[in-house]
Amino acid sequence: MTAASPNSRPDVAELLAFYASAGVDEALEDAPVNRFAEAAPKPAERMPSVAPSDSRAPERPAARPRLDASAVPNAPPARPPISAVPDEAQAALARQLASAASTLDELRQHMSTFDGCNLKFTAKNLVFADGNPDASVMLVGEAPGRDEDIEGLPFVGRSGRLLDRMLAAIGLDRTSVYIANVIPWRPPGNRTPTPHETEICRPFIERQIELVKPKVLVNLGGPSAKTLLNTSEGILRLRGNWRAHTTASGVVIPAMPTLHPAYLLRTPAHKKLAWRDFLEVKAKLRALTSP
Ligand code: URA
């Protein structure tokens, strides 16, 4: 950048380059605008919120009203709401959409149109699945992280690379397994999904399992095991023991809870435990698929 005297006008290109390097990437207006005041709803205009199923439930802050972009000339296309209100009505809608899907493609379509989970609005992509939908083994993790959110695929970051090596150790890869998560949208900052978010997303992963019909399910980590095996036991107790996942239509699928690859990266001494669990999976598959 050439030196400019304090009173000279800065070179516009240099100024823009400075803004760009500082992360300023949108031109707004000269004067600040109080959008909160602008958007404050008049009582009669309040969003018709979905009534909480329990009227004794504590009140939630009112959802932000959506501005009608079509009423503003040259307005950018309307964005999705910043936050949806997670409640039982959304979980019921998720159940309805999930059970109406008769194929994985339909399920993916229904999930991408579903607006009832907050996490969707901070995530870049729906992380639906990777691998082979005809596989005998389905692995289910907790929720996508940053790399998965960017690519729209589960387990593609560091823990995914470890998972690939663990699979390779028992002769499997992404052409012979199917991989998904309990939560298909990245929680902001990789925070733990709330129980409510998990309940809202649960019907989707349950239907996904039902449609894939794996012979064996592998729960990667405590949240996957607790959600899909209906237990509150900790993963260190659960792991290594066969459990059962029962689908909505009553099909019982053997399930092996094991340690999450992200945990193994932090606690490499426990890799031997996961190795034992994966050997169990290999033996079970052999028993179930050999003539
Ligand atoms: N951790 C998970 O549980 N799932 C992913 O897809 C990535 C990391």
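Computed from the coordinates by the stated procedures, all read-outs in this text should not be read as laboratory data. In this text the structure is predicted, and so the values were computed from the model without any measurement. Note that each Cβ is placed from the backbone with ideal geometry, even for glycine, and that neighbours are counted across all protein chains shown.
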Within the stretch 135-159: backbone nitrogen closer than 12 Å to the Lys124 label point (7 Å, Cα to C-beta): 145-153
Among the stretch 129-156, those whose backbone N falls under 17 Å of a label point 7 Å along Cα→Cβ from Ser112 are 129-131, 149-154
Given a Förster distance of 35 Å, report the FRET efficiency between Ala100 and Arg237 from their Cβ-Cβ distance, rounded to the nearest 0.05. 0.45
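Given a Förster distance of 30 angstrom, what is the FRET efficiency for Asn230 paired with Glu151, based on the Cβ-Cβ distance and rounded to 0.05?
0.45
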Expressed in nm to one decimal, what extension gain is obtained for the pair His270 and Arg286 from 0.36 nm per residue of sequence separation less their Cα-Cα distance? 3.3 nm
Between the alpha carbon centres of the stretch 204-255 and the stretch 113-160 the gap in Å comes to 17
Considering only DSSP beta bridges whose two residues both sit in the stretch 88-289, what percent are antiparallel, to the nearest 5? 30
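Can you give the percent of C-alpha pairs in the stretch 185-260 whose distance is more than 14 Å?
Value for the stretch 185-260 (Cα pairs over 14 Å): 61 percent.
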Lys and Arg at +1, Asp and Glu at -1: neighbours of Thr246 with Cβ under 12 Å from its Cβ sum to -1
Debye sum, Cα scatterers, the stretch 102-148, no solvent: what log₁₀ I/I(0) at q = 0.19, 0.30 1/Å? -0.76, -1.29
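May I ask for the Kirkwood hydrodynamic radius of the stretch 88-289, worked out over all distinct Cα pairs and given in angstroms to one decimal?
One over the average 1/r among Cα pairs gives 16.7 Å for the stretch 88-289.
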